[in-house]
Amino acid sequence: MNVSLFAKYVAKFFPKLQLLIEKVNGKRNKNLTYLHKGKNAILRQEFSPDNKWESTSVNTTYVAADFVAVDSELPVKSRDSIASANGKLPKIGMSKILKESDIININVMEAQGGNAEKIVKKLADDAVSCSVGIDERNEYNLLFALSNGYVAIKDIDTPDALLRLNFNYLKDNIFGATTKGDISLEDIKRVISKADGDGNSILYIYIAKSAYDKLRQTKEAKELVANYKGQTFNADSVLPTPTATVFNEAFADDNNGITFKVIDRSVVLEENGKKRNVKPWNASRLVFVCNDVIGTLVYGRLAEKSNPVEGVKYEEVDSYKLISKYSLTNPLREITSGQAFVAPIIEDVDQIYVYDFSEAQEVDTVAEASDSGDTKVTVWGQAYTKTDFVKELNKITGGKLSGTTADDKVIAAVNKLSDEDEAKLKAAVESFKTA
């Protein structure tokens, strides 16, 4: 690596790079605001000296203390279970290259005179792009991770493998839909009720704009707003789709102030020179959170920060991004690079709840038609004796279904279970499979 070919111009803007990037970001449109950093951040920042991350959550249930007789021992209560996830931080980065032809063009601009500001801007744009590129990847990782409970990133130690950051969302807090593909207020209330039962208060529901618009168009949403406004209506009334503002007001009024956080964020990814727009949020999932801050942006130590290369110009941005400027020969190139060990880490997952309206069992109409005696029910692609299946289902739900209950009602009850309870049911009915 060699000194930048345009060192005198780099010296004008590199020491001010942090302010320059903040100024550029301040002018960007609302679609490029960030949740991982800045005034809207839902993550705190934390330095990891060993380039590793850890997320710990405690599945807490508070129990009342007992009355205790004088001079007697205090009663011992069970300790809450602790779940943790951990791993190494991924390294992310990018470069911008001025090829020989670009270098010649700058030389021509320099020879013509009076173009110093244009040259500085052209060189500075690459540094800004490298910094913002890291921001965009962090935002992608955060939105994907929060909506899915994990994010897969390329592993620098094993280039052909993926480094999976899995935050171990609790299966007991993950719910499917009553009817597959249908988002409903009833299902949303079911998740809120589960949180209430756990002693947690939902503050926000993160939701994709496509799902949010779909929710506002449901009959339930229209009737909720009509009731909020004090309108009278009946089963034949044609109610309009409520505006976002009024719907939010009505929902908050009906649900103790819970607010929707609508996500409609795209990130541009580039692979092998081809760009594509990607929306990292899982559009089928609503994520319910109980805190303003839901995790940490953990950053680590870069080897090049501690061991700078001679001739390379460095500047640190946002405490964790290292931007560098240098040149290479054979062929001649001017390089701007940005790198960081950093990842968004989701924490306190015992206070995160998920509603996935793409997940649900459906009635197997073919199997039902062939079951003339209605003695079986087909769930998860497997037939079970209905009476035994329903008994085990009732044990979990506390319901009163019978062996004569219609299949659609049995399956609807299954769909209302959390992922954990559904797994328990599946294990409990294993011996009741039929051919």
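Laboratory data are not the source of any read-out in this text; all were calculated from the coordinates shown. Because the structure is predicted, anything quoted here is derived from the model rather than measured. Heads up, the Cβs are rebuilt from the backbone with ideal geometry, glycines too, and the neighbour counts pull from every protein chain shown.
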Given the candidates 41, 351, 240, the one whose Cα lies deepest towards the positive end of the charge dipole of the chain, counting +1 at each Lys or Arg C-beta and -1 at each Asp or Glu C-beta, is 41
Report Rg (one decimal) and Dmax (nearest whole number) for region 251-365, counting Cα atoms only, units Å.
22.0, 72
Which entries in the list 37/275; 171/275; 12/37 go over 32 Å, if you measure between the two C-alpha atoms of each?
171/275
Taking the chain and dividing mean pair separation by its residue count, relative contact order in percent (alpha carbons under 8 Å, at least six apart):
26
Give a quick list of trypsin sites (Lys or Arg not before Pro) in region 215-307 that DSSP marks as loop, anything other than H, G, I, E or B, with at most 16 other Cβ atoms within 10 Å.
301
What does the charge dipole of the chain about its Cα centre add up to, to the nearest 20 debye, if the Cβ of each Lys and Arg holds +1 and the Cβ of each Asp and Glu holds -1?
1780
Please tell me the relative contact order of region 117-240 in percent, rounded to the nearest whole number, where contacts are Cα pairs under 8 Å and at least six residues apart.
12
Partners for residue 386 among lysines (Cα-Cα distance below 22 Å; same-chain residues under 8 apart left out)
180, 376, 395, 400, 409, 416, 424, 426, 433
Under a plain spin-label model, where a point goes 7 Å from the Cα along Cα-to-Cβ, how far apart in nm are residue 109 and residue 239?
5.9
Report Rg(Cα)/(2.2 N^0.38 Å) for the chain, keeping two decimals.
1.27
Region 325-418: GluC sites (Glu not before Pro) in DSSP loop, at most 16 other beta carbons within 10 Å
362
Relative to the chain, whose Cα atoms define the longest principal axis, helix 116-148 and its Cα axis are tilted in degrees, nearest 10, by 20
Which is the longest part of the chain that has none of the chymotrypsin sites (Phe, Trp or Tyr not before Pro) sitting in a DSSP loop with at most 10 other Cβ atoms within 10 Å?
68-435
Let's test this: bin the Cα-Cα distances of region 129-243 at 5 Å from zero up to the farthest pair and state each bin's percent.
2, 8, 12, 16, 16, 13, 10, 9, 6, 3, 2, 1, 0
Which of the residue pairs 39/325; 305/325; 88/209; 99/321; 39/214 have a Cα-Cα distance greater than 22 Å in the structure shown?
39/325; 88/209; 99/321; 39/214
Quick check: the angle from helix 419-428's long axis to the longest principal axis of the chain, C-alpha only, nearest 10 degrees?
50
Taking the chain and counting helices only, DSSP H stretches of n ≥ 4 at -39,500 (n - 2.57) each over all residues, the nearest-500 ellipticity at 222 nm comes to -10500 deg cm²/dmol
Two-site label geometry, residue 102 and residue 272: point separation in nm, points 7 Å out along Cα→Cβ:
2.2
If I fit a long axis through the Cα atoms of helix 386-397 and take the longest principal axis of the Cα atoms of the chain, what angle between them do I get, 0 to 90°, rounded to 10?
60
